[in-house]
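Taking it in order: structure first as structure tokens, then the write-up.
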Amino acid sequence: MVDLVNTFVCGWPIEHSRSPIIHNYWIKRYGLRGKYEKLPVSPDDLTEFINCLPEGIYLGGNVTIPHKEKAYELIENLDPVAKKLGAVNTIWVSNQKIYGANTDGYGFLANLDQGVPDWDNENRKFQPVVILGAGGAARAIVDAAQSRGFSNIKIVNRTLSRAENLAIFFGEGVSAHCWEELPNLMEATGLIVNTTSLGMAGNHPLDIDLNILTKDCLVSDIVYVPLQTKFLQQAAERGLKTVDGLGMLLHQAVPGFEKWYGVKPEVSDELRALVISDLKETK
Ligand code: NAP
């Protein structure tokens, strides 16, 4: 019988993925056997790749862009979040069956919990949350915010129809807005999150006037290349609390590692520094 110890991340392209740094660090840190590998799997090959996992050589792995939605279609046994969001980022094999989960929302919440422990206090729950963007990450984050009791969520997106689709999907308490409405929405918000790709290296920065925000507003960006986006810089200059996007990437990896290797790994300063040094090298 093959001794399964290895895991993977599959995507197309996959070269940019930092997941191997994270999981291989934990494998070493906890003295485990195994290797976490980067696998380039094209959209044409994904069905065969996933269907063959039960007979294959992996304990499980991660699925990244552009495969998260297709993986959802292919996997029968899904956790409630993946089922609801229609996207899978974590897979494991058990008794010849394939299981799928979505841990992006978990990563988002755990990052805020670590960075600002009281971030989801009752005062903030009464204030509207502003989510910039209406893509896959926004979907996971709206769901995560709702799961913590936030019931007034404003989705602001360049393409209004995408924000409207998300608002319909989540129903009561979630509304769609165009970019021009942002100043008004910002006046009352207690949490604003950038989930657009604006600010990412190679893209235009997210450049909005943050003077309208109140002094207690928490500002978060899920872009992590660069770590300190212009959006976060401007917020910090105003004295606002900020949380960068790297922690979400690190924390979303925790549930998968725990499933595969049976150890709940720690998101430590040492791991964070390791990934930051890799981001600097490859910038
Ligand atoms: P996506 O589904 O492609 O959505 C992209 C979003 O960005 C859409 O709302 C899009 O608006 C908006 N956008 C793109 N270019 C824009 C521009 N020039 N002006 C205004 N809006 C613009 O992508 P995603 O999967 O949600 O990911 C979004 C970002 O989050 C990426 O940078 C990704 O790297 C990051 N991310 C980080 C983590 C983490 O762990 N930290 C996890 C997931 C994603 P339209 O609808 O108008 O096109």
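Bear in mind these aren't lab numbers, they're just calculated from the coordinates by the rules spelled out. What you see is a predicted model; the values in this text were computed from it and never measured. Counting neighbours? That spans all protein chains shown, and the Cβs are built from the backbone with ideal geometry, glycine included.
Summary table below
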{"item": "LEU191 long-range amide H proximity, modeled H, under 5 Å", "result": "VAL130, LEU218"}
{"item": "Estimated vicinal HN-Hα couplings, Hz - segment 61-75 in sequence order (Karplus 6.51, -1.76, 1.60; Gly, Pro = x)", "result": "x, 10, 10, 10, 3, x, 9, 4, 6, 5, 4, 4, 5, 7, 9"}
{"item": "Given charges at beta-carbon only (K, R positive; D, E negative), |dipole| of segment 227-271 in Debye", "result": "220 debye"}
{"item": "LYS84, LYS264 arranged by Cβ crowding within 10 Å, fewest neighbours leading", "result": "LYS264, LYS84"}
{"item": "C-alpha long axis of helix 104-115 to longest principal axis of the chain, angle in °", "result": "60 degrees"}
{"item": "Förster radius 25 Å - calculated FRET efficiency between GLU48 and ASP3, Cβ distance, rounded to 0.05", "result": "0.55"}
{"item": "Histogram of C-alpha separations across segment 82-134, 5 Å bin width, %", "result": "4, 15, 16, 20, 16, 13, 7, 6, 3, 0"}
{"item": "Difference of contour (0.36 nm per residue) and Cα-Cα distance, ASN24 to LYS280", "result": "90.3 nm"}
{"item": "Alpha carbon Rg of segment 87-175, scaled by the compact-globule rule 2.2 N^0.38 Å", "result": "1.22"}
{"item": "Among PRO13, VAL130, MET248 the positive-end extreme of the charge dipole of the chain (Cβ point charges)", "result": "MET248"}
{"item": "Antiparallel content of DSSP bridges confined to the chain, in %, to 5", "result": "20 percent"}
{"item": "Residue order, fewest to most beta carbons within 10 Å, for LEU32, LEU191", "result": "LEU32, LEU191"}
{"item": "Segment 1-78: radius of gyration over Cα atoms, expressed as a fraction of 2.2 N^0.38 Å", "result": "1.11"}
{"item": "Interchain or long-range residues, amide H under 5 Å from LEU206's placed H", "result": "GLY199, LYS230, PHE231"}
{"item": "Where labels lie 7 Å past Cα in the beta-carbon direction, separation of SER151 and GLN96 in nm", "result": "4.8 nm"}
{"item": "10 Å binning of all Cα-Cα separations within segment 88-236, expressed as whole percents from 0 upward", "result": "11, 41, 36, 9, 3, 0"}
{"item": "Label-to-label distance, nm, for residues given as ASP79 and VAL263 (7 Å Cα→Cβ offset)", "result": "2.0 nm"}
{"item": "Within the chain, helix-based [θ] at 222 nm, where runs of 4 or more DSSP H residues each add -39,500 (n - 2.57), nearest 500", "result": "-11000 deg cm²/dmol"}
{"item": "Under-5 Å amide H pairs with GLU37, H placed in peptide plane, nonlocal only", "result": "THR7, PHE8, VAL9"}
{"item": "Label-point separation, HIS204 to ILE168 (7 Å along Cα→Cβ), nm", "result": "2.8 nm"}
{"item": "Radius of gyration and maximum dimension Dmax of the chain, Cα, Å", "result": "19.0, 63"}
{"item": "Eligible aspartates and glutamates near LYS215 by straight Cα distance, threshold 14 Å, same-chain separation 8 or greater", "result": "GLU187, GLU237"}
{"item": "For segment 165-175, Karplus couplings with θ = phi - 60° (6.51, -1.76, 1.60), whole Hz, Gly/Pro x", "result": "4, 5, 4, 5, 4, 8, x, 3, x, 10, 10"}
{"item": "Per-pair calculated FRET efficiency, R0 = 41 Å: GLN233 and ARG33 via Cβ, rounded to 0.05", "result": "0.45"}
